[in-house]
Amino acid sequence: MATVSDLSKGNFMRYNGEVVQVEELQHRTPGNLRAFYQIKMRNVRNGKVAENRFRPGDEVEILRVETKEYQYLYSDGDSLVCMDNETFDQIYLDKNLLGESVNYIKEGVTLLIAFENGESAITAEAPQHVVMEIQYTEPGMQGDTATRTLKPATLENGAEVRVPLFVNTGDKIKIDTRTGDYIERVKE
């Protein structure tokens, strides 16, 4: 077993039976008290943040985590089917691991998936930006560009985003997968 002093930012560990990732780690020595570690950690399953104090000799279970790139093939119910590009093995990935970014990805995109002990997926990360085509949007009115007015648009995968008035049906746009915000129009 490792001790708290072996931890560093970004490590995964098991805390109260849950897998958490260390976000902040501070070693504090108040004037007349013993030293302690103040650790801020995020639960990888539900995203909740917890903060706790540990003594320097406390034992923790640091998890061995491997990350690999997988290609997203298709959606199957509550799972995404992804393929390892090296071995061509397919896995089923829970959509909840991607959070809201699952709405803004399309087939063929590369996902970064972290596995605990090489077996079960604990986190998944979509690329920061993705280019998608506008399936339908209302036409914008000419001359109405004094303010940053946005209108709803439906993407090729059925998700809805807000875009500026000059974007039309059939245009390709770049989207931030973390927030679902429009970034720019792309010419291909």
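The values are calculated or read from the model by the stated rules, or taken from the named source; none is laboratory data. Model, not experiment: these values are computed from the prediction. With ideal geometry, Cβ positions are generated from the backbone for all residues, glycine too; neighbour counts draw on all protein chains shown. All accessible areas refer to the heavy atoms of the entire protein, side chains included, with ligands and DNA or RNA removed. Shrake-Rupley method; radii C 1.70, N 1.55, O 1.52, S 1.80 Å.
List every residue pair whose Cβ atoms lie under 6 Å apart, where the two residues are 6 or more positions apart in sequence or sit on different chains, the first residue falls within the range 78-100 and is over 26 Å from ASP176 (Cβ atoms) and of a type outside the set (Phe, Trp, Tyr), and the second residue, located anywhere, is open to solvent by 90 Å² or more (accessible area, probe 1.4 Å) and assigned to a helix (DSSP H, G or I).
Final answer for the pair search is none.
Does VAL65 count as open to solvent by less than 70 Å² (accessible area, probe 1.4 Å), of a type in the set (A, V, I, L, M, F, W, C) and more than 24 Å from the chain's Cα centre (by Cα)?
Taking the combined requirement at face value, the residue does not satisfy it.
Residue check: is LEU80 at pLDDT 90 or above, over 23 Å from GLY10 (Cα atoms) and within 17 Å of the chain's Cα centre (by Cα)?
In short, yes.
Going by the conditions given, is PRO30 outside any strand (DSSP E or B), in contact with a His (Cβ under 9 Å, 6 or more places away or on another chain) and either surrounded by fewer than 12 Cβ atoms within 10 Å (Cβ to Cβ) or touching a residue at least 24 places away in the same chain (Cβ under 8 Å) (or both)?
no
If a residue has to be more than 30 Å from PHE12 (Cβ to Cβ), in contact with an Asp or Glu (Cβ under 7 Å, 6 or more places away or on another chain) and not aliphatic (A, V, I, L, M) to count, how many in the range 97-143 make the cut?
Residues meeting the conditions: 2.
Tell me, which strands (runs of 3 or more DSSP E) wholly within the range 79-188 include 2 or more residues that are closer than 30 Å to GLU18 by Cβ and hydrophobic (A, V, I, L, M, F, W, C)?
Here the list reads 79-84, 90-94, 110-116, 120-125.
Here is a list: VAL131, VAL163, VAL102. Which entry is surrounded by 16 or more Cβ atoms within 10 Å (Cβ to Cβ) and more than 15 Å from the chain's Cα centre (by Cα)?
Selected residue: VAL163, the only one of VAL131, VAL163, VAL102 that is surrounded by 16 or more Cβ atoms within 10 Å (Cβ to Cβ) and more than 15 Å from the chain's Cα centre (by Cα).
Of everything in the range 1-27, what is part of a strand (DSSP E or B) and of a type in the set (Ser, Thr, Tyr)? Give them in sequence order.
THR3, TYR15
Across the range 33-57, what is the number of residues that are assigned to a loop (DSSP other than H, G, I, E, B), open to solvent by 40 Å² or more (accessible area, probe 1.4 Å) and more than 23 Å from SER120 (Cβ to Cβ)?
5
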